[in-house]
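Trainee: Got a structure for you, questions after.
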Amino acid sequence: MATKVVCLLIVRGALASVLLVPSVDISRIFAAETQTSFRNALIQQGMLEISGVRGLEALQLEAMSALMSCELRNPELFTLAILEDGTRRNTVASQTIRGVSEPFEEKLNQACPKFSIASQKFRRLITLVGDAFITAFDSAFSVHVDRDKICDDDDDPTCAQYSSFTEALSTARQLDHFHVYSAPFARERDYSIEFHSDDGLFIAIPPPVIISSQGLSTSASRDFRGFEVKLDSGEIREIKTRSKNSVVFVLGAGMDRWIQFTGKHPRPGGVLHAVKVPLGVTRMWFGRMFLPPDDAFGVDVDIPFREYRKRVEQGDLHPTVACGAPQQLVHNARLDSKCGEGGYRCWRKCYYMDVNVTCGEDSQLECVSQSSGKSCDPEQHGCKPICSGVSTGSFCNKDISVTMYMEGFVSPGDSKEACIIFLFGGWTLDSKWKFSLACLGTVALGMVLEVLILFRRRIRDPQNKWRRSRFLFVSLEMLSYGTQVLLGYLLMLVAMTYSSPLFGCVIAGLVIGHIAFNLEGPVSEGATPCCEAASFQVDINGTDGKIGEESLIYLPDDDK
């Protein structure tokens, strides 16, 4: 049984310089001298680390270990999203109201009781840290929140207001998300999630758990590798914390929309951040988004938050964005009120783009599913904003590319369908000639795989000269079998694109190769070329590849 070696790795971002998040120890968060540091951190950077949370690291590792085990055994209970760089993200979600964390769906609780119990303990501790942050926020800033309430005494202007941050958030919803990111080994985009500002008031994030596997060892680290923020200067930094037992609070765009400040104001617009999952690792992330109370009235909207959410879910506030003659983004007024100046709503987030961003002729800015390439509601997960222009007669929609179609087999030639990515990020099949080359290459892969099977059968012949040297035989067997496995899995990935012609080419290549090279060969016990059993029937009386039934021997097989 493989032994797992767990160690703490401290890895610095390779591309972005490090930004040390301002930190306040939770034991000193209410001290008078701490308030200035607390206030300045949120005004200048919009982020704050609350450190010294005893027991947080142990509870988080327990919950994340159970989460990973649950996700491996029961992936169907998670919500899958394919991100922009090909990263797969599985998610389970719940909410916390009035300090009580609601359980997950009953199916998940029954299938993964360890995760259900461990996550409850972990979420309770996050609640305590969140309450401390909210109380300290009240001391650092003077706020009030207008509310949807009919007052008996019209002379009391505070009747229809929450007079403090603590009071306003005492009944508000808090959305809890557990994510498991499985990074690709070949990146298709720079970021898994592009720069955006969350739509809530703020979000609480403990350091994600990153699992790296090398051989039989597994290394676990808790750090913010790949979590990058964009400063007002445009500089991009990867954040870093001082403490293992810490929670980072990041302000969202909703702080400006729903909270009214008297005097000093935290950093406006929220914190623009992006996520880049390190290659070849598993990243387990927890985040809690704090929302306004349901009866809160916004600064620039004339409906309470509960109605606002209802309209968003129904699609009444779906953004309409046109790319007109000057080809500049023209935003609907309601969209602007939700995301602020220059913002675009998609995937429950606000994306901010340069005012000079342009679209081509007859194109439109859309919120598009990253898995299917089709338009989706801005409140739906797994989407991204793109300027999607569809040219009549084009082979596929060149503005959208996917690694696989998620709604069954698809044939090429539809200008509205996403273009398929062939194995590697730069190989996008966006024209007929590229698709034709991919088809020919797929057929060739299948034929070469059958040639390798024939080659392995020949070198296993006891009369073959290669059998005389043990070193030469083992070397050839190792090289040929490894190549066979590689080609087999590449063909499997091509088949999994759910492109009808490519799937047909996989079958055609294997059939043609079998007829050409292995028609007289024995029938293998393996079900697939990539996982074929290592047993062959060999004629010890000849080397012409023909099998004599009277003189068959069987090489050892793991199943016998």
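Trainee: Being touching a Lys or Arg at 6+ places or on another chain (Cβ under 8 Å) and within 16 Å of Asp176 (Cα to Cα) is the filter here; which residues of region 60-76 pass it?
Mentor: Gln60, Ala63
This table checks each residue for (1) touching a strand residue (DSSP E or B) at 6+ places or on another chain (Cβ under 6 Å); (2) under 13 Å from Phe137 (Cα atoms); (3) modelled with pLDDT of 90 or more; (4) not aliphatic (A, V, I, L, M).
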site	(1), (2), (3), (4)
Gly13	yes, no, no, yes
Ser17	yes, no, no, yes
Arg28	no, no, yes, yes
Gln35	no, yes, no, yes
Phe38	yes, yes, yes, yes
Gly46	yes, yes, yes, yes
Gly55	no, no, yes, yes
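Trainee: Something else about it: Considering only region 15-36, how many residues are surrounded by fewer than 18 Cβ atoms within 10 Å (Cβ to Cβ) and either assigned to a strand (DSSP E or B) or among the aliphatic types (A, V, I, L, M) (or both)? Quick ask: steps written out before the conclusion?
Mentor: Taking region 15-36 and keeping what is surrounded by fewer than 18 Cβ atoms within 10 Å (Cβ to Cβ), we get 15, 17-18, 20, 22-23, 25, 27-28, 30-36.
Retained after the next criterion (residues that are either assigned to a strand (DSSP E or B) or among the aliphatic types (A, V, I, L, M) (or both)): 15, 17-18, 20, 23, 25, 31-32.
Qualifying residue count, region 15-36: 8.
Trainee: Separate question: Please go through region 277-311 and give me each residue that is touching a Leu at 6+ places or on another chain (Cβ under 9 Å), more than 13 Å from Ile259 (Cα to Cα) and either modelled with pLDDT of 80 or more or basic (Lys, Arg) (or both), ordered by number. Break it down into steps so the answer makes sense when it comes.
Mentor: Narrowing region 277-311 to residues touching a Leu at 6+ places or on another chain (Cβ under 9 Å): 277, 284, 286-293, 305, 308-309, 311.
This time we only want the ones that are more than 13 Å from Ile259 (Cα to Cα), so: 277, 284, 286-289, 308-309, 311.
Matches in region 277-311: Val277, Met284, Phe286, Gly287, Arg288, Met289, Arg309, Arg311.
So that you can scan it fast, the table gives a plain yes or no per residue for (1) farther than 30 Å from Leu80 by Cβ; (2) touching a Phe, Trp or Tyr at 6+ places or on another chain (Cβ under 8 Å):
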residue	(1), (2)
Ile420	no, yes
Ile459	yes, yes
Lys465	yes, no
Phe473	yes, yes
Thr497	no, yes
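Trainee: Out of Thr96, Thr79, report the one residue that is crowded, with 19+ Cβ neighbours inside 10 Å, of a type in the set (Val, Ile, Thr) and in contact (Cβ under 8 Å) with a residue 40 or more places away in the chain.
Mentor: Exactly one residue qualifies, and that residue is Thr96.
Trainee: Check every one of the strands (runs of 3 or more DSSP E) wholly within region 253-310 and list those with 2 or more residues that are buried (at least 20 other Cβ atoms within 10 Å of the Cβ).
Mentor: Passing ranges, in order: 273-275, 281-290.
Trainee: Does Arg39 satisfy the condition of being in a loop (DSSP other than H, G, I, E, B), in contact (Cβ under 8 Å) with a residue 60 or more places away in the chain and over 24 Å from Ser212 (Cα atoms)?
Mentor: So Arg39 does not fit the description; no.
Trainee: Would you check which residues across region 413-423 are assigned to a loop (DSSP other than H, G, I, E, B), out of contact with any Leu (no Cβ under 7 Å at 6 or more places or on another chain) and either modelled with pLDDT of 75 or more or buried (at least 18 other Cβ atoms within 10 Å of the Cβ) (or both) and list them?
Mentor: Glu417
Trainee: Inspect all residues belonging to region 183-193 and state whether any of them is farther than 23 Å from Ser116 by Cα, buried (at least 19 other Cβ atoms within 10 Å of the Cβ) and at pLDDT 85 or above.
Mentor: Yes, that holds for at least one residue.
Trainee: Just one of the numbered conditions (1) more than 22 Å from the chain's Cα centre (by Cα); (2) closer than 25 Å to Ile50 by Cβ is not true of Glu106; which one?
Mentor: Of the numbered conditions (1) more than 22 Å from the chain's Cα centre (by Cα); (2) closer than 25 Å to Ile50 by Cβ, the odd one out for Glu106 is (2).
Trainee: Additional query: Just give me the residues in region 235-274 being of a type in the set (A, V, I, L, M, F, W, C) and out of contact with any Gly (no Cβ under 6 Å at 6 or more places or on another chain), in sequence order.
Mentor: First, the residues of region 235-274 that are of a type in the set (A, V, I, L, M, F, W, C): 236, 239, 247-251, 253, 255, 258-259, 261, 271-272, 274.
Across region 235-274, the qualifying residues are Ile236, Ile239, Val247, Val248, Phe249, Val250, Met255, Ile259, Phe261, Leu272, Ala274.
The values are calculated or read from the model by the stated rules, or taken from the named source; none is laboratory data. Computed from a predicted structure; not experimentally measured. Methodologically, a virtual Cβ is constructed for each residue, glycine included, from the backbone with ideal geometry; neighbour enumeration extends over all protein chains shown.
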